[in-house]
Amino acid sequence: MNHKILILSLATAAGIAVCSCGQHDSEVSSPDGKITFECGNKDGGLFYSVSDGGRQIVAPSRLGFVLEGNDTVADFEILDRVRSTGDVTWETSWGESREVRDNYNGMTVEMRQLGGKEMLVNLEVRVYDDGFGYRYVFPSQGDSLVIMEELTEFALAGPAEAWAMNNHDVYYEDYYKRKPIAALDTVHTPVTVEFGGDKYLAIHEANLTDYPKMQLIGVDSVTMKARLVPWSTGVAAYVTTPFATPWRTMIIGDTPGELVTSYMMLNLNEPCAVADASWCKPMKYIGVWWEMHLGNGTWYYGPNHGANTAHVKEYIDFAAEHGIPGVLVEGWNVGWEGDWPANQHFDFTKPYPDFDIKEITDYAREKGVTLVGHHETAAWTTNYENQLDSAFAFYTDHGVNNVKTGYVNLLMDGKEDHSSQYGVRHYRKVIEAAARHNVNIDNHEPVMPTGLQRTWPNLMTQEGVRGQEHNAWDTDGGNPPEHTVLMPFTRGLAGPMDYTFGTFNFDNPVYPGTRVRTTLAKELALYVVIYSPMQMASDTPANYAAQPAAFQFIKDVPVDWETTIVPDAVIGDYVVTVRQDRNSPDWYLGAITDEQPRELDVKLDFLEPGAEYTAQIYADAPDADWESNPTAYTVSEQTVKSTDTLPLKLAAGGGTAIRFVKK
């Protein structure tokens, strides 16, 4: 193939100032004036740089594409620069904050190729008080493009280290490691950077639609270059104009917590496309799930089959007794037998003989409980797409409107990457088909989230994280204590994640040496620290019944929030998160640490001034330790107000969970 380069930008040496670039220089600043995005025309190309408070954060960085069969482009002329502003506040269907302010200054740089086809290309930029986003826009030109590669770069203004995950795990179920930029050998975004000792950056993308996932490659000590996950043909993307790429984004914060409470990515997605999203309701659920990971049941039909009618009713009884709205059931349908990842014949409307879905759903309805359905596809997407409408209709006919999907196979249909344009297209088909049937989706083995839940609020949550299941059987023994302390500032920045914590029994005799590496109090605190509108209580009813005092917090903690604050955190060491319930004046606090015990003082100035609250405190016992004594915890109460400072003592691998009830 003859791959020619369409140059939209020429990177200059990091030391060359943007102001030297000539008459077509353009800049746009954030509403508060601190962050400035500059782009300039030089030698027929375009590049950008970014400063914060006059300090350069992003040095001149390259933009562009490699196209198939296109003439080499040596010149682009800037036709116009169109300014824009936006300042609206919108209400989320659900989320970490009820209201989100979309306040930005924007600029669209309109360009035309000189020579060749005289192709039109625009660079659309929006700058917020907490970062920026830009995307390439191809106006309607009556033709199609075959994109082989993006030349997009993020060249920082100085050497830095980043937390990132290597791309060899297509499910995003690996650890985040801190490395120098130059050592990033093709990593997934988000990539989180500590810059200059006092700035925190998060590079990701927003509104990933009909385009491949962006990864990053470390080029040198300061530069990261985009890589697009290709089709099996080697092509990155097939597009037809008019077309806009996803937004390339960078959050800029002074503290780690400011990364978590940025909603810029949501703002860069389209408004809600569901006319009435009242059925997109957050929920907690338990499920016939953890016991199978422990080897106490099977997904496939047989003498130890987990998804049998009598057993599911036991879970429904427990959920009804404790006010848990949902019960997940995996392994209910034909297709799990044999080497099922190679099985292209899952049937999503045919239950196993011992699973009477009508009897079960009728029973659940009488108890005020709903089933959380399950569609494991083994990534045979064509088989699934052929059944989408009938599969969702089958569930909704039985009153099931929450479905967990799964794609446990390295390639889709045996050839395409989950994060390729092929995979992105498939996931969108599922979301839109589910919306037609008023079905909410919990997507496992997904493409990394990019804020689409604003447009499609039935995309409730996704996995894309090395979650609790690895603590049951992984050969490395389970997730280390620091793993969950990294999650809010890495994977968590992409969107809600179904980590499935809440385990109270820490050892697994079926897989000796593997265990949950937290304390019980930390398992509770995770419900506040790690966000999802669908939160699972992952353990079995018997293990919860054995710890009724601790289980009370899981019953109480909400899954939908009015506002979120991160008052204290050191990435990889500890994090304190506080959230206010969207449906009551109550606040909740979660504090977790890595393998080191810690003592923290938390100011309660987030509480309503002048009001008194009862603090219900679930804490590590004095002798608690994730390794030697993980289930030791205490429950206490005290009266507090907004002027108080609360001391917290976290055990090694431990945490504290607090409910603040307004008096």
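The values are calculated or read from the model by the stated rules, or taken from the named source; none is laboratory data. Keep in mind the model is a prediction, meaning the values are calculated, not measured. In this analysis, Cβ positions are derived from the backbone assuming ideal geometry, glycine residues included, and neighbour counts consider all displayed protein chains. Areas reflect the complete protein model, heavy atoms only, side chains present, ligands, DNA and RNA absent. Shrake-Rupley method; radii C 1.70, N 1.55, O 1.52, S 1.80 Å.
Within the stretch 165-174, identify whether any single residue is in a strand (DSSP E or B), of a type outside the set (D, E, K, R) and surrounded by 20 or more Cβ atoms within 10 Å (Cβ to Cβ), and answer yes or no.
Yes - at least one qualifying residue is present in the stretch 165-174.
Within the stretch 585-661, considering only strands (runs of 3 or more DSSP E) that don't extend past its boundaries, which have at least 1 residues that are free of Cβ contacts under 8 Å to residues at least 40 places away in the same chain and open to solvent by less than 30 Å² (accessible area, probe 1.4 Å)?
633-641
Does any residue in the stretch 134-147 that is under 8 Å from Phe243 (Cα atoms) come within less than 7 Å, Cβ to Cβ, of a residue that is surrounded by 10 or more Cβ atoms within 10 Å (Cβ to Cβ) and of a type in the set (Phe, Trp, Tyr) six or more places away or on a different chain, and which pairs are these?
Filtered contacts from the stretch 134-147: Phe138/Phe243.
With the condition kept exactly as written, say whether any residue in the stretch 557-572 is under 23 Å from Leu328 (Cβ atoms), in contact with a strand residue (DSSP E or B) (Cβ under 7 Å, 6 or more places away or on another chain), open to solvent by 10 Å² or more (accessible area, probe 1.4 Å) and of a type outside the set (Lys, Arg).
Checking the stretch 557-572: at least one residue is under 23 Å from Leu328 (Cβ atoms), in contact with a strand residue (DSSP E or B) (Cβ under 7 Å, 6 or more places away or on another chain), open to solvent by 10 Å² or more (accessible area, probe 1.4 Å) and of a type outside the set (Lys, Arg).
Could you pull out every one of the strands (runs of 3 or more DSSP E) wholly within the stretch 220-288 that has 2 or more residues that are over 19 Å from the mean Cα position of the chain (by Cα) and aliphatic (A, V, I, L, M)?
223-228, 237-240, 283-288
Give the residue that is nearest to Lys404 (Cα to Cα), with candidates limited to residues of the stretch 530-543 that are open to solvent by 10 Å² or more (accessible area, probe 1.4 Å) and in contact with a helix residue (DSSP H, G or I) (Cβ under 8 Å, 6 or more places away or on another chain).
My answer is Tyr531.
Being surrounded by fewer than 22 Cβ atoms within 10 Å (Cβ to Cβ), among the hydroxyl-bearing types (Ser, Thr, Tyr) and under 20 Å from Arg425 (Cα atoms) is the filter here, so list the residues in the stretch 370-407 that pass it.
Passing the criteria: Thr382, Ser390.
Identify the single condition in (1) among the small types (Gly, Ala, Ser); (2) at pLDDT 65 or above; (3) within 24 Å of Pro159 (Cβ to Cβ) that Ser9 does not satisfy, given that it satisfies every other one.
(2)
Can you tell me which residue in the stretch 125-155 is nearest to Ala182 (Cα to Cα), limited to those that are assigned to a loop (DSSP other than H, G, I, E, B) and of a type in the set (Ser, Thr, Tyr)?
Step by step, filter the stretch 125-155, then rank; the result is Thr152.
Quick check on Leu520: is it under 24 Å from Ser262 (Cβ atoms) and either without any contact (Cβ under 8 Å) to a residue 60 or more places away in the chain or in contact with a strand residue (DSSP E or B) (Cβ under 8 Å, 6 or more places away or on another chain) (or both)?
Judged against the criteria, Leu520 is not a match.
With respect to Val510, is the statement that it is open to solvent by 40 Å² or more (accessible area, probe 1.4 Å) and either modelled with pLDDT under 95 or among the hydrophobic types (A, V, I, L, M, F, W, C) (or both) true?
Yes, satisfied.
Quick check on the stretch 448-466. Is at least one of its residues open to solvent by 20 Å² or more (accessible area, probe 1.4 Å) and farther than 14 Å from Val274 by Cα?
no
For the stretch 317-333, check the following and say yes or no: at least one residue is surrounded by fewer than 21 Cβ atoms within 10 Å (Cβ to Cβ), of a type in the set (Gly, Ala, Ser) and without any contact (Cβ under 8 Å) to a residue 60 or more places away in the chain.
yes
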